C-alpha cells in the first residue's frame, strides 16, 4: 500500500463536499507513487504463506531412530496413495507407505468413484460408451481452461481401466452390490443438455464392501506385491538440498513418540489429503470461497490439515493457480426436496437470474453465489416427474432415479397439497403448493413487488419454452419444462456460500507427470503429489461433472502415477530441454510497450 500523505495544515483542509480522488489521480493527489510490493523473486510460500506457513521443524540427527530406503516413499494411504503404491509395487518398484492413521481404525472418505467407460459400466451394467473427447472439452469448460490437460486426459482415457483394476478379484455377488448411480435412465432420456453431457453410472460402494473396506483390500493387494505400510506415522519434513530444487526423502514422526524415521528414496509422493481443517491455509489458497463467505473461517469436514502441502511450500513449491476451491461452497445451490433440480430459480427480488441448467448445480450455482439476499425461490409445475427424471446427472443433482426414489418424492407432492401457507416438511424441507402462481407466491411469503416479478418471470419462462429459445439466459428450451396448468409447487432455499464443504480440492501445482512445481514453474526433482494434495484437477472449485469425480481422480491418477514412477525415468523432465537453442528475437515485430507495461493514466 502507499505511504500515508502528510497531514494538511488546518487552513488547507479539504471541503467536506470535495470529491474523493479517483483511482487515476490518487497518487498525484497524495504526492507519492504507489510503493512496490518487493515480492518479486520470492516463493509462493513466502508471499501467500506469510503469517501462517511457518518454518520447517528442526530435527536433530540423534532424534532419528532409524533410516529406511526404497524406490518410492508414499506419504498417505488414502485413495490416491494406496493406488500409487499398489500399482508401483505390482510393476516391481520397492515402495514404503507412511500413514498417520492407526491401522486398526483406518478409514477412507466417500462412497462413490466417478469414471468413464469401465468394463463394469459397459458390459455389466449396460451404460453406453462416452466420448472421451467430449468429456475433456466439457471438463475444461468447467475449469475455465485451467485444468492440467495431461491429468485430464489420463482420467478421461484410463479411469475406467483404473476402476476395473480396483475391483479386480471381487466376487460376482460383491460386484452385483455395486450401485450405478443415475441408472437406469427413463425411456427417451437425452444425455445431452445444451453443451453438456449427463455422465451416469458412477460406482457407489453401498453394499457389503464399503469404501473403507475397498481401500483396505487394495492395501492388502499392495502388500502382497511387496509394498510396506507403516501406520501411525506422520510425515513432517522433506529431505532436500539447500535451495529446495531436489528432494531425496522424508522424515516422519511416530505417533505418541519423540523419535523420527527417515525414509530415503528417488521419489517422494505427497498424498496426504486436503487443507479442509486448516482455516489459515484454506483462506489463503481458496480465495474465492473465503471472500464469498465474507471471510468466515473454513468448516470443512475432511479433518485433513494440509501438512503435506505445507511441507512442499516451505521448500519453494507452488500451489494451485486460480480461485482454488472445495466441494461446493463456491456456488449457491438451491437444494430442494428433489435435490439440485434445474427448476426456475428466482432471487430475493423474485427475478430470474441465470441459466439454471448451465452444467450441473456446482457451475450454474456460481451466479447465485453473487446475488443479493439470503434466499432463492424455486418454482415448478405439476409435471414434477418430467423435471426430476430428466436432470443432468452429477454431484448434488439427484443421484437415484429408480421407482423407489420416485415413490418417496411423490409423497412430498401429495402431502403438500392443501396445506396453504403452512406448507409441508415431509421431506425435511418446507414445500408449498397452490392452484395459481399468485397464491404460491403468497404462501412463500413474497411481498407485493417480489410477487409481481415472480409472476412475470414464470410468464417469460413459459414464453421462452414456447418460442424454443431462451433469449434471456440461453437455457436449452428442451429443459424448460412449462410451468402451467397447476397445481404449482415452490420451495424457499436458504443461501449459504463460502466457508468450506466436504473436502477442499486445491493443492500443489503439478506437471502432467504429477511432479511438484517450484520457482520458475520448474519441476522439483524427486517430489510428486497426488490426490487432494495435488492441484490441476479442480482449478475453479469442484465441478461435479459426475458423481464421485474427486475420488475417481484420486484413484486414476494414483494408478497412473505409480505406473510412471515404476517404469519411466522419473528425472527426465528436470534436465530435458536444458540444451535447447536460444529463442531468436526479431527487431521487426510490432512496436509497443513491453509485456505487462502500458502508458500511464490508461492512455
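The values are calculated or read from the model by the stated rules, or taken from the named source; none is laboratory data. Computed from a prediction, not measured in an experiment: that's the story for all the values here. As a convention, Cβ positions derive from the backbone with ideal geometry for all residues, glycine included, and neighbour counts pool all protein chains shown.
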Please determine, by comparing only the residues of region 402-413 that are within 24 Å of residue 484 (Cα to Cα) and either under 30 Å from the mean Cα position of the chain (by Cα) or assigned to a loop (DSSP other than H, G, I, E, B) (or both), which one is modelled with the highest pLDDT. 409
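Rundown of residues vs (1) farther than 29 Å from residue 287 by Cα; (2) modelled with pLDDT under 85; (3) under 38 Å from the mean Cα position of the chain (by Cα), yes/no style:
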{"site": "10", "(1), (2), (3)": "yes, yes, no"}
{"site": "13", "(1), (2), (3)": "yes, yes, no"}
{"site": "21", "(1), (2), (3)": "no, yes, no"}
{"site": "29", "(1), (2), (3)": "yes, yes, no"}
{"site": "51", "(1), (2), (3)": "no, no, yes"}
{"site": "54", "(1), (2), (3)": "no, no, yes"}
{"site": "59", "(1), (2), (3)": "yes, no, yes"}
{"site": "65", "(1), (2), (3)": "yes, no, no"}
For region 115-134, state whether one or more residues are at pLDDT below 95 and over 15 Å from residue 201 (Cβ atoms). no
Only one of 41, 45 that is outside any loop (DSSP other than H, G, I, E, B) and modelled with pLDDT of 65 or more: 45
Just wondering, is there one or more residues in region 305-314 that are over 26 Å from residue 427 (Cβ atoms), modelled with pLDDT of 95 or more and in a loop (DSSP other than H, G, I, E, B)? yes
Please work out which residue is farthest from residue 222 (Cα to Cα), limiting yourself to region 545-579 and to residues that are at pLDDT below 95, more than 23 Å from the chain's Cα centre (by Cα) and assigned to a loop (DSSP other than H, G, I, E, B). 579
Wholly within region 488-544, strands (runs of 3 or more DSSP E) carrying at least 1 residues that are in contact (Cβ under 8 Å) with a residue 40 or more places away in the chain and within 30 Å of residue 251 (Cβ to Cβ): 515-517, 523-529
Assuming residue 174 fulfils every condition listed in (1) surrounded by 15 or more Cβ atoms within 10 Å (Cβ to Cβ); (2) under 26 Å from residue 504 (Cα atoms); (3) free of Cβ contacts under 8 Å to residues at least 40 places away in the same chain apart from one, which condition is it? (2)
Filter pass, residue 497 being touching a strand residue (DSSP E or B) at 6+ places or on another chain (Cβ under 7 Å) and crowded, with 18+ Cβ neighbours inside 10 Å: no
It is to be established whether one or more residues within region 67-84 are touching a residue at least 24 places away in the same chain (Cβ under 8 Å), in contact with a strand residue (DSSP E or B) (Cβ under 7 Å, 6 or more places away or on another chain) and at positive phi. yes
Would you check which residues across region 191-203 are touching a residue at least 24 places away in the same chain (Cβ under 8 Å) and either crowded, with 21+ Cβ neighbours inside 10 Å or outside any loop (DSSP other than H, G, I, E, B) (or both) and list them? 193, 196, 197, 198, 199, 200, 201, 202, 203
Residues satisfying the stated conditions in region 332-349, i.e. more than 18 Å from residue 382 (Cα to Cα) and surrounded by fewer than 22 Cβ atoms within 10 Å (Cβ to Cβ): 335, 348, 349
Determine, yes or no, whether residue 277 is under 19 Å from the mean Cα position of the chain (by Cα) and assigned to a loop (DSSP other than H, G, I, E, B). yes
Can you report the number of residues in region 549-577 which are surrounded by fewer than 24 Cβ atoms within 10 Å (Cβ to Cβ) and either under 14 Å from residue 74 (Cβ atoms) or in contact with a strand residue (DSSP E or B) (Cβ under 7 Å, 6 or more places away or on another chain) (or both)? 7
Could you identify the single residue in 418, 485, 373, 445 that is at pLDDT 95 or above, surrounded by fewer than 21 Cβ atoms within 10 Å (Cβ to Cβ), out of contact with any helix residue (DSSP H, G or I) (no Cβ under 9 Å at 6 or more places or on another chain) and outside any helix (DSSP H, G or I)? 418
Looking at 122, 109, which one is within 26 Å of residue 547 (Cα to Cα) and part of a loop (DSSP other than H, G, I, E, B)? 109
Number of the exception - residue 182 against (1) out of contact with any helix residue (DSSP H, G or I) (no Cβ under 7 Å at 6 or more places or on another chain); (2) surrounded by fewer than 22 Cβ atoms within 10 Å (Cβ to Cβ); (3) under 19 Å from residue 202 (Cβ atoms); (4) modelled with pLDDT under 95: (2)
Residues that are closer than 22 Å to residue 488 by Cβ, touching a residue at least 12 places away in the same chain (Cβ under 8 Å), over 25 Å from the mean Cα position of the chain (by Cα) and buried (at least 19 other Cβ atoms within 10 Å of the Cβ): does region 352-366 have at least one? yes
Counting only residues that are buried (at least 17 other Cβ atoms within 10 Å of the Cβ) and part of a helix (DSSP H, G or I), which one in region 376-388 is farthest from the chain's Cα centre (by Cα)? 384
Under 6 Å between Cβ atoms, which residue pairs at least 6 apart in sequence (or on different chains) link something in region 43-65 that is in contact (Cβ under 8 Å) with a residue 12 or more places away in the chain with a partner that is surrounded by 13 or more Cβ atoms within 10 Å (Cβ to Cβ) and in a loop (DSSP other than H, G, I, E, B)? 43/316; 44/318; 45/53; 45/314; 56/314
Per the filter on region 58-85, residues outside any helix (DSSP H, G or I), buried (at least 24 other Cβ atoms within 10 Å of the Cβ) and in contact with a helix residue (DSSP H, G or I) (Cβ under 9 Å, 6 or more places away or on another chain) are 72, 74, 75, 76, 77, 78
Anything in region 488-528 that is more than 30 Å from residue 466 (Cα to Cα), at pLDDT 95 or above and in contact with a helix residue (DSSP H, G or I) (Cβ under 7 Å, 6 or more places away or on another chain)? List them, or say none. 508, 511, 512, 513, 514, 515, 516, 523, 525, 527, 528
